[in-house]
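Asker: Mind looking over this structure? Questions follow.
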């Protein structure tokens, strides 16, 4: 795991949350331009998927406490929602969330999942199996990169742990942004891609 990615995520785990006040962001932070994403894609190591032996979602602890009563999920809901108000336990009591994957808008937080842009299982078989638990926890709770997305719950469940050659957002207009974010997370965390995954990302970046 890259030292830069790990240190940034650990700062957030310690409560150094940046940029959550004021107006909600339409998208998570750190999404590169299409040109930068193409450069990052070319820099990724292309290799067959590793083994899933030993994998369990519990090997990536989430959602952990970030600030006060707020955990990572609640921070993403505040960051990416509009007009979000919360109770003393940090759970949203009102607000709305527009899912970039399908364009649907929800007014109940229970209809919104937090998607790991690079699924945990995908990370495991492309390099994270060798990380420490602390590094995997930092990855699973990373608020500094475009790794965490507030999306429609059943769309997230449909995606599951599939890579871009297996699943793409229902909105084709979202493919460019999705590929830019996915590629950047793989690059930031020095994860590998297999050849079909690489090809799908290149095709999606061509829509930009």
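The values are calculated or read from the model by the stated rules, or taken from the named source; none is laboratory data. As the structure is a prediction and not an experimental result, all values here were calculated from the model. Glycine gets a Cβ as well: all are built from the backbone with ideal geometry, and neighbour counts include every protein chain shown.
Asker: Do we find that residue 101 is within 16 Å of the chain's Cα centre (by Cα) and within 25 Å of residue 199 (Cβ to Cβ) in this structure?
Answerer: So residue 101 fits the description; yes.
Asker: Among the residues of region 102-109, is there at least one that is assigned to a helix (DSSP H, G or I) and either crowded, with 22+ Cβ neighbours inside 10 Å or in contact with a strand residue (DSSP E or B) (Cβ under 8 Å, 6 or more places away or on another chain) (or both)?
Answerer: Taking every residue of region 102-109 in turn, at least one turns out to be assigned to a helix (DSSP H, G or I) and either crowded, with 22+ Cβ neighbours inside 10 Å or in contact with a strand residue (DSSP E or B) (Cβ under 8 Å, 6 or more places away or on another chain) (or both).
Asker: Further question: Quick test for you: out of 181, 128, 134, pick the one residue that is more than 12 Å from the chain's Cα centre (by Cα) and buried (at least 22 other Cβ atoms within 10 Å of the Cβ). Walk me through how you get there before you give the answer.
Answerer: Details: 181 fails: more than 12 Å from the chain's Cα centre (by Cα); 134 fails: buried (at least 22 other Cβ atoms within 10 Å of the Cβ).
Just one listed residue meets the conditions, 128.
Asker: Take the residues in region 137-157 that are buried (at least 22 other Cβ atoms within 10 Å of the Cβ) and free of Cβ contacts under 8 Å to residues at least 60 places away in the same chain; name whichever of them is farthest from residue 194 (Cα to Cα).
Answerer: Residue satisfying both the conditions and the ranking: 152.
Asker: Read through the list (1) buried (at least 21 other Cβ atoms within 10 Å of the Cβ); (2) under 30 Å from residue 48 (Cα atoms); (3) in contact with a helix residue (DSSP H, G or I) (Cβ under 6 Å, 6 or more places away or on another chain); (4) touching a residue at least 60 places away in the same chain (Cβ under 8 Å), then give the number of the only condition that residue 123 fails.
Answerer: Failing condition for residue 123: (3).
Asker: Consider residue 99 against the criteria (1) buried (at least 21 other Cβ atoms within 10 Å of the Cβ); (2) modelled with pLDDT under 95: it satisfies all of them except one. Which criterion is unmet?
Answerer: Here residue 99 meets the rest and fails (2).
Asker: Could you go through region 144-157 and let me know if any residue there is part of a helix (DSSP H, G or I) and in contact with a helix residue (DSSP H, G or I) (Cβ under 8 Å, 6 or more places away or on another chain).
Answerer: yes
Asker: While we're looking at this one, here's another question. Which of the residues spanning region 158-208 are in a loop (DSSP other than H, G, I, E, B), within 21 Å of residue 142 (Cβ to Cβ) and touching a residue at least 60 places away in the same chain (Cβ under 8 Å)?
Answerer: Residues satisfying the conditions are 169, 189, 190, 191, 192.
Table: residues versus (1) assigned to a loop (DSSP other than H, G, I, E, B); (2) closer than 24 Å to residue 121 by Cβ.
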site: 28; (1), (2): yes, yes
site: 52; (1), (2): yes, yes
site: 62; (1), (2): yes, yes
site: 73; (1), (2): no, yes
site: 95; (1), (2): no, no
